[in-house]
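Structure record follows, encoded as structure tokens.
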Amino acid sequence: MTRQKIVAGNWKMNGSLESINALVDGLLKADQSDSEVVIAPSFPYLSLVSQSTADSNIVLAAQNVSDQEKGAFTGEVSASMLKDFSVKYVLVGHSERRSLYAESDDFIASKVKVLLDAELTPMLCIGETLEQREAGQTLSVCEQQLQAVLDLVGVEAFAKIVIAYEPVWAIGTGLSASAEQAQEVHQAIRAFLAKSSETVAKKVQILYGGSVKASTSAELFAMPDVDGALVGGASLDADEFIAIVKAAG
Ligand code: PEP
């Protein structure tokens with residue numbers, strides 16, 4: 001089965017009106033790719049970026065969503081609000097949310113459900129810490145994080161979820177997993193899902209994230225179970241991000 005590659009840029013809490021306009025302008029100049037190109041600005045800029053990319057192939061993602069539908073939840077943003085701005089994907093389970101904001105597996109699963117109910121596509125991030133890798137727990141950690149979502153939404157829902165394998169030790173550290181290390185985990189994630197549904201396992205797109213750079217991305221994308229990348233730091237540089245998109249084909 002051929003799975004379309006996705007190259008997604010997570011801008012995190014970076015940028016200003018000026019720098020974001022410049023970044024989008026840079027990306028629009030290279031708006032031709034067989035891969036799906038996704039960018040995730042922070043909430044205040046979604047409307048602006050939604051308008052400036054409207055005539056392009058660039059797809060919009062949000063970095064977070066509330067687990068609640070609506071109401072008295074000061075500071076939260078609902079799935080239906082994101083839909084108003086043509087958002088397609090929403091990051092959930094990013095390690096920064098798990099570690100800095102204590103988001104549990106169950107809480108993340110509930111956000112996945114809210115997104116699926118709203119017909120938005122969760123980009124579900126999973127991955128182990130360095131300590132867990134060194135203790136040989138990489139696969140059990142990933143499986144536990146996936147299991148919480150499986151228990152709540154069932155395996156068929158994974159046909160509408162994108163998984164991002166992001167080893168915590170590789171995020172923002174400059175230390176990328178090797179292409180072989182990424183492939184090993186991606187293959188294991190697919191095998192884990194195949195125990196419940198082979199069809200879904202073959203279909204689900206699994207991105208790698210963690211210090212992805214243009215110089216190493218071709219090797220990464222050549223791996224059979226790597227269906228693209230979730231890019232943090234390098235996505236803030238239009239030329240570097242475009243080079244990663246080109247490497248994806
Ligand atoms: C991320 O935050 O999802 C990420 C992969 O960051 P970086 O590319 O900077 O490691």
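The values are calculated or read from the model by the stated rules, or taken from the named source; none is laboratory data. These numbers come from a predicted model, not from an experiment. Heads up, the Cβs are rebuilt from the backbone with ideal geometry, glycines too, and the neighbour counts pull from every protein chain shown. Only protein heavy atoms, including side chains, enter the accessible area calculation; ligands, DNA and RNA are left aside. Shrake-Rupley method; radii C 1.70, N 1.55, O 1.52, S 1.80 Å.
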Within the range 200-212, residues open to solvent by 20 Å² or more (accessible area, probe 1.4 Å) and either within 21 Å of ILE20 (Cα to Cα) or within 11 Å of the ligand (Cβ to nearest atom) (or both) come out as SER211
When (1) in a loop (DSSP other than H, G, I, E, B); (2) crowded, with 22+ Cβ neighbours inside 10 Å are applied to LEU124, the one that fails is (1)
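Yes/no matrix, rows are residues, columns are (1) under 24 Å from MET81 (Cα atoms); (2) away from the ligand (no atom under 16 Å from the Cβ); (3) open to solvent by 20 Å² or more (accessible area, probe 1.4 Å):
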| residue | (1), (2), (3) |
| --- | --- |
| SER16 | yes, yes, yes |
| ASP34 | no, yes, yes |
| ALA54 | yes, yes, yes |
| GLN63 | yes, no, yes |
Q: May I ask you to verify whether GLN68 is touching a residue at least 24 places away in the same chain (Cβ under 8 Å), open to solvent by 50 Å² or more (accessible area, probe 1.4 Å) and over 19 Å from LEU207 (Cβ atoms)?
A: yes
When the range 144-163 is checked residue by residue, the ones that are assigned to a loop (DSSP other than H, G, I, E, B) and in contact with a Pro (Cβ under 9 Å, 6 or more places away or on another chain) are ILE161
GLY136 meets each of (1) small (Gly, Ala, Ser); (2) out of contact with any Asp or Glu (no Cβ under 9 Å at 6 or more places or on another chain); (3) closer than 30 Å to LEU23 by Cβ with one exception, condition (3)
Taking the range 213-240 and the residues there that are touching a Leu at 6+ places or on another chain (Cβ under 7 Å) and open to solvent by less than 10 Å² (accessible area, probe 1.4 Å), the one that is nearest to the ligand (Cβ to nearest atom) would be LEU230
So, first residue hydroxyl-bearing (Ser, Thr, Tyr) in the range 214-243, second residue away from the ligand (no atom under 11 Å from the Cβ), Cβ within less than 6 Å, six or more apart or across chains; the pairs are SER217/ALA247
The residue that is nearest to the ligand (Cβ to nearest atom), considering only those in the range 71-110 that are surrounded by 14 or more Cβ atoms within 10 Å (Cβ to Cβ) and in a loop (DSSP other than H, G, I, E, B), is HIS94
In the range 147-189, anything free of Cβ contacts under 8 Å to residues at least 40 places away in the same chain and either in contact with an Asp or Glu (Cβ under 6 Å, 6 or more places away or on another chain) or open to solvent by less than 20 Å² (accessible area, probe 1.4 Å) (or both) is listed as ALA177, GLN187
By residue number, the members of the range 164-182 that are more than 8 Å from the ligand (Cβ to nearest atom), of a type outside the set (Val, Ile, Thr) and outside any loop (DSSP other than H, G, I, E, B) are TYR165, TRP169, ALA179, GLU180, GLN181, ALA182
